[in-house]
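Report on the structure given below.
Nothing in this text is a laboratory measurement; each read-out follows from the coordinates by a stated rule. Fair warning: this is a prediction, and the values are worked out from it, not measured in the lab. Note: ideal-geometry Cβ built from the backbone for every residue, glycine included; neighbour counts use all protein chains shown.
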Amino acid sequence: MEKNPTIYLTKFLVFTLLITYSLKVNAQDYEEVSTKNPFWEKVQIGGGLGLGFGSNFTNITVAPSAIYNINEYVSAGVGLQYSYVNQKGFYKSNIYGGSLIALVNPIQQIQVSVELEQLRVNTSFNSTFGGVTDNFWNTALFLGAGYRTNNVTIGIRYNVLYKENQGVYADPFIPFIRVYF
């Protein structure tokens, strides 16, 4: 009996949304406590959520992250990522891992970033001659720059470790929208 990944993915997304909502509610409850501990006053939480659907195609990404504001110019943090990609009848892929990020704001409107990302890629291909799997680690080192307004930054990043036709990224340049609360 084949397991249905949609059920597991739905459970994962519901769990993630409940945890995210719980963190938001708890953050409001602990507002009084955070004024006593200056560490938490400098922590910001953000991340990304990606959904892509098409003709027999599904792409779902969940990527939470957190940064610590060292001062008004420099921040450092960590992130997690999980992606599920499925082209019905062709391939399925689970991608998961983490990243380290450093942000520098030389002036209030400009943000420069360095991000080291390590992802595990587990892909299975279906073909007329049988199934093939491809499991590997994908390492990326992104250098980015963007325009910043309040807690939102819009920009582009470049993967200096990019090799054509290798890894999970189709292009070394990737636009981004970064939001931290």
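A few comments on the model shown:
- Projecting the Cα atoms of THR61, GLY155, ASN165 onto the charge dipole of region 45-179 (Cβ charges, centred on the Cα centre) puts THR61 farthest toward the positive pole.
- Rounded to the nearest Hz, the phi-derived 3J(HN,Hα) couplings of region 153-164 under the Karplus curve 6.51 cos²θ - 1.76 cosθ + 1.60 (θ = phi - 60°) are 10, 10, x, 9, 10, 10, 8, 6, 9, 4, 10, 4, where x marks glycine and proline.
- Our coupling estimate for region 49-59, obtained by passing each phi through the Karplus curve with A = 6.51, B = -1.76, C = 1.60 and θ = phi - 60°, is 9, x, 10, x, 10, x, 5, 6, 10, 9, 9 Hz, Gly and Pro reported as x.
- Under-5 Å amide H pairs with GLY47, H placed in peptide plane, nonlocal only: SER65, VAL179
- The phi torsions of region 74-88, fed into the Karplus equation with coefficients 6.51, -1.76 and 1.60 and a -60° offset, translate into couplings of 10, 9, 9, x, 9, x, 10, 8, 9, 10, 10, 10, 9, 10, 3 Hz, rounded to whole numbers, with Gly and Pro shown as x.
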